[in-house]
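Readers should treat all values here as calculations from the given coordinates under stated rules, not as data from a laboratory. Everything quoted here is computed from the prediction, not taken from an experiment. Here Cβ is always computed from backbone atoms with ideal geometry, including for glycine, and neighbour counts include all displayed protein chains.
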Amino acid sequence: MHTITRLTPDDFRADVAGLADLLTDVVADGSSLGFLAPFDATEAASWWRARESAVADGSLCVWIARGADGIAGTVSLALERKPNGRHRAEVVKLMVHRDARGRGLGRALLATAEQAAARVGATLLLLDTETDSTADHLYRAAGWTRYGVVPDYAADPAGALRDCSFYYKQLS
């Protein structure tokens, strides 16, 4: 059983090492999250620490799923601060540790971000993911609409170029 919790700025700082371990695991398993191999926990922790000011000012909301073995998953919601875009937000860095997959945790984290977006008045959500990945199938099953595919958009951790699917979801 996992408990999903939104991190306060203090919690975020305290959980950077666990978030780094999760990110390192997901990249090592081949997920295309913007990083190339070799990728270690030091680099991952540095990437997470660079998000600290956004968490502190509320423009980035981060949730973790914690289980008996530590952080098993995370999702973030980047809120748009421009006046003409405050109705939208972006779901970013949905990750589930490979040992926790296949049990609905990704879907639960996604639903958490969607519900939080609705509570703050966001009516349009956006995200992107590697085409034909497990995440790609999750988003379609969760009612997201793919509005385009860009060929060779980003490299996977091994450096191979992969297509990227772009999605939106309108919240009522």
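Among the chymotrypsin sites (Phe, Trp or Tyr not before Pro) in the range 82-158, none sits in a DSSP loop with a Cβ that has at most 11 other Cβ atoms within 10 Å. Comparing S76, S53, S31 in a Gaussian network model of the chain where C-alpha atoms under 10 Å apart are linked, the largest mean-square fluctuation is found at S53. Other residues with beta-carbon under 10 Å from the beta-carbon of P9 carry, at +1 per Lys or Arg and -1 per Asp or Glu, a net charge of -3.
Can you put H137, H2 in order, fewest other beta carbons within 10 Å first? Don't skip to the end; give the middle numbers.
Working: H137 11, H2 20.
Exposure proxy ranking, most exposed first: H137, H2.
Largest GNM mean-square fluctuation across A154, A117, A142, computed for the chain with C-alpha springs under 10 Å, falls on A142.
Each Lys and Arg contributes +1 and each Asp and Glu -1, all at the Cβ; summed about the Cα centre of the chain, the dipole is approximately 760 debye. From the residues F12, S31, S76, which one has its Cα farthest along the dipole of the range 3-123 in the positive direction, the dipole being from +1 and -1 charges on Cβ of Lys/Arg and Asp/Glu about the Cα centre? Farthest along the dipole direction, towards plus: S76.
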